[in-house]
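*Asks:* Got a structure here, written out as structure tokens. Questions coming.
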């Protein structure tokens, strides 16, 4: 019976207390730091994956345009239809040959095509979240970041 009374007394004291102890606050802060440490690498990894995908897409489009020019005596594709001869997915990234944008994944793509050359660009849909750099591939296969990484 005595044990029961002491448990009631301890429980009552815990329930009547106001505020938090330093130990409780430190435990909560430790949990927050741990959760942050788990979440931050995931976010940066996702952004890196988005950037890699955008760069690879621009490289593929650029290689297809260069292959087209090689096969057509130096004339570059003037339309998305001509570009699809060398890369079937061109329509997924290029709305038209005059620079209209198409959103694919986490990047917005624009294609400018003409017999004298091309320019492909990929910009993050939400800068700072999906990526922070816009990439451009121009005639000759030159991939340029802006701002520079």
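The values are calculated or read from the model by the stated rules, or taken from the named source; none is laboratory data. All values derive from a computational prediction rather than experimental measurement. Here Cβ is always computed from backbone atoms with ideal geometry, including for glycine, and neighbour counts include all displayed protein chains.
*Asks:* Output the residue which, of all residues in segment 79-92 that are more than 26 Å from the chain's Cα centre (by Cα) and in a helix (DSSP H, G or I), is surrounded by the fewest Cβ atoms within 10 Å (Cβ to Cβ).
*Replies:* 81
*Asks:* Yes or no: residue 28 in contact (Cβ under 8 Å) with a residue 60 or more places away in the chain and in a helix (DSSP H, G or I)? Working first, answer last.
*Replies:* Numbers: in contact (Cβ under 8 Å) with a residue 60 or more places away in the chain: no; in a helix (DSSP H, G or I): yes.
No; evaluated as a whole, the condition is false for this residue.
*Asks:* Failed condition for residue 59, given (1) in contact with a strand residue (DSSP E or B) (Cβ under 7 Å, 6 or more places away or on another chain); (2) part of a helix (DSSP H, G or I); (3) crowded, with 20+ Cβ neighbours inside 10 Å, with all others met?
*Replies:* In the conditions (1) in contact with a strand residue (DSSP E or B) (Cβ under 7 Å, 6 or more places away or on another chain); (2) part of a helix (DSSP H, G or I); (3) crowded, with 20+ Cβ neighbours inside 10 Å, residue 59 misses (3) alone.
*Asks:* Here's a follow-up. Considering only segment 64-78, state which residues are in contact (Cβ under 8 Å) with a residue 40 or more places away in the chain and under 12 Å from residue 120 (Cα atoms). Write out each step before concluding.
*Replies:* Residues of segment 64-78 in contact (Cβ under 8 Å) with a residue 40 or more places away in the chain: 65-66, 75-77.
Correct list: 65 only.
*Asks:* Keeping to segment 62-72, report how many residues are in contact with a strand residue (DSSP E or B) (Cβ under 7 Å, 6 or more places away or on another chain) and closer than 16 Å to residue 91 by Cβ. I'd like the intermediate steps shown before the answer.
*Replies:* Applying the first criterion (in contact with a strand residue (DSSP E or B) (Cβ under 7 Å, 6 or more places away or on another chain)) to segment 62-72 yields 62, 65.
Retained after the next criterion (residues that are closer than 16 Å to residue 91 by Cβ): 65.
Qualifying residue count for the region: 1.
*Asks:* Next question. From the list 100, 95, exactly one residue is crowded, with 16+ Cβ neighbours inside 10 Å, in contact with a strand residue (DSSP E or B) (Cβ under 9 Å, 6 or more places away or on another chain), modelled with pLDDT under 90 and under 25 Å from residue 52 (Cα atoms). Which is it?
*Replies:* Numbers: 100 fails: crowded, with 16+ Cβ neighbours inside 10 Å.
Only one candidate qualifies: 95.
*Asks:* Criterion first (at negative phi, surrounded by 16 or more Cβ atoms within 10 Å (Cβ to Cβ), in contact with a helix residue (DSSP H, G or I) (Cβ under 8 Å, 6 or more places away or on another chain) and not in a loop (DSSP other than H, G, I, E, B)) does residue 76 satisfy it? If you could, list the steps in order and put the result at the bottom.
*Replies:* Numbers: at negative phi: yes; surrounded by 16 or more Cβ atoms within 10 Å (Cβ to Cβ): yes; in contact with a helix residue (DSSP H, G or I) (Cβ under 8 Å, 6 or more places away or on another chain): yes; not in a loop (DSSP other than H, G, I, E, B): no.
Answer is no for this residue.
*Asks:* Then there's this: Return yes or no: is residue 53 surrounded by 11 or more Cβ atoms within 10 Å (Cβ to Cβ), at pLDDT below 95 and assigned to a helix (DSSP H, G or I)?
*Replies:* Details: surrounded by 11 or more Cβ atoms within 10 Å (Cβ to Cβ): yes; at pLDDT below 95: yes; assigned to a helix (DSSP H, G or I): yes.
Criteria met by residue 53.
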